[in-house]
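Enquirer: One structure, as structure tokens, below. Some questions next.
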Amino acid sequence: MAAGSGTRLGAERPKAFVELSGMTLLEHALRGVVATAGVDEVIVVVPADLVAGAEAVAAPMTGPTGPTLQVVPGGAERTDSVAAGLAALSGAVRIVLVHDAARCLTPVVVFERVLEALDGGAAGAVPGVPVVDTIKVIDGEGLVTGTPSRDSLRAVQTPQGFRREVLEQAHACAVAATDDAALVEALGHPVLVVEGDHRSLKITTPEDLERAERLLRLTAG
């Protein structure tokens, strides 16, 4: 599943349709998704008013031998949108990848690592990279209560992958969480962290977009 975002980058354009080096973020994101072996179905989840636009962008991304693709409207919250994507999958799908279109430069190898972990028996797997900053835990008054070791910390990216029945159970519990891994963890299922990639930066601000442009130029060079 590829989740297109309606969050706005700047003042006027939905984030998924902002252009990066001549292609929308959604196109960049889908290019990596459809190039991954083993991906049979792609569900793009966007706000209801963006469905037609997303269909126009997404339709050319898969050929006759590629995965099937459909665009569906999401919900008010992230969990609602993932649930909408789950509901649109066929009964044959047993492994689900939840990807954020804002991480549109995620290379195929990251998708492969997540799928490999799931094929190896993991209930859930997410890509992550080491944290380079020192992290402080604070209380309600802003006072430091702890400094976790960076060795045990990872900044988590997408795609996040799960066995379908596990993800559906997690969403059925309707627990508030910032990502699907947290929902699965709340059920007591172990989630494996695999190696992420610095190219999987999340584009949410104009400064992020500039970083992505520079990264693309370096990669092309």
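The values are calculated or read from the model by the stated rules, or taken from the named source; none is laboratory data. Because the structure is predicted, anything quoted here is derived from the model rather than measured. A quick note on method: Cβ atoms are made from the backbone with ideal geometry, for glycine too, and the neighbour counts reach across all protein chains shown. Note: accessible area is taken over every heavy atom of the protein model, side chains too, but ligands, DNA and RNA are not part of it. Shrake-Rupley method; radii C 1.70, N 1.55, O 1.52, S 1.80 Å.
Enquirer: Extent of segment 143-221 along each principal axis, from alpha carbon coordinates, in Å, largest to smallest?
Expert: Dimensions of segment 143-221 along the principal axes of its Cα atoms: 45, 38, 23 Å.
Enquirer: With a 1.4 Å probe and all protein chains kept in place, how do Ser200, Ser21, Ser81 rank by accessible area, largest first? Walk me through the numbers on the way to the answer.
Expert: Working: Ser200 0, Ser21 70, Ser81 25 Å².
Ranking Ser200, Ser21, Ser81 by accessible area, largest first, yields Ser21, Ser81, Ser200.
Enquirer: How many nm is it between the label spots at Arg217 and Val132, if each spot is 7 Å from the Cα in line with the beta carbon?
Expert: 1.9 nm
Enquirer: Using θ = phi - 60° and the Karplus relation 6.51 cos²θ - 1.76 cosθ + 1.60, list the HN-Hα couplings for segment 103-115 in order, rounded to whole Hz, with x at every Gly or Pro.
Expert: Whole-Hz 3J(HN,Hα) from phi for segment 103-115: 9, 6, 9, 4, x, 4, 4, 5, 4, 5, 5, 5, 4.
Enquirer: Rounded to two decimal places and with Rh computed the Kirkwood way over Cα pairs, what is Rg over Rh for the chain?
Expert: 0.96
Enquirer: Take Lys202, Lys136, Lys15 and sort them by solvent-accessible surface of the protein heavy atoms, 1.4 Å probe, largest at the top.
Expert: Lys136, Lys202, Lys15
Enquirer: Roughly how many percent of the accessible protein surface of segment 105-195 is carbon and sulfur, given a 1.4 Å probe and a whole-percent answer?
Expert: Values: 2600 of 4860 Å².
In segment 105-195, the share of accessible area belonging to carbon and sulfur is 53 percent.
Enquirer: Separate question: Heads up, I need the accessible area for His189: 1.4 angstrom probe, whole protein in place, Å², nearest 10.
Expert: 60 Å²
Enquirer: Please label the shape of segment 76-117 as rounded, prolate or oblate, based on the square roots a ≥ b ≥ c of the eigenvalues of the alpha-carbon gyration tensor (a/c under 1.5 means rounded; beyond that, a/b larger than b/c means prolate, else oblate).
Expert: Here segment 76-117 falls in the oblate category.
Enquirer: Let me ask you something else. Report, in deg cm²/dmol and to the nearest 500, the calculated mean residue ellipticity at 222 nm for the chain, where each DSSP H run with n ≥ 4 adds -39500 (n - 2.57) and the sum is divided by the residue count.
Expert: Taking each H run of at least 4 residues, the total per residue is -9500 deg cm²/dmol.
Enquirer: Something else about it: Which value in nm describes the separation of the simple spin-label points at Ala59 and Asp151, placed 7 Å from the Cα toward the beta carbon?
Expert: In this crude label model, Ala59 to Asp151 measures out at 5.6 nm.
Enquirer: So if each residue of separation counts as 0.36 nm, and I subtract the Cα-Cα distance between Leu143 and Val175, what length gain in nm does that give?
Expert: Extending this stretch completely gives an extra 8.7 nm.
Enquirer: Val194 accessible area, nearest 10 Å², 1.4 Å probe?
Expert: Counting only protein heavy atoms, the figure is 20 Å².
Enquirer: Can you compute the modelled spin-label distance between Gln70 and Arg31, with each label point 7 Å from Cα toward Cβ, in nm?
Expert: Spacing of the two 7 Å Cα→Cβ label points: 2.8 nm.
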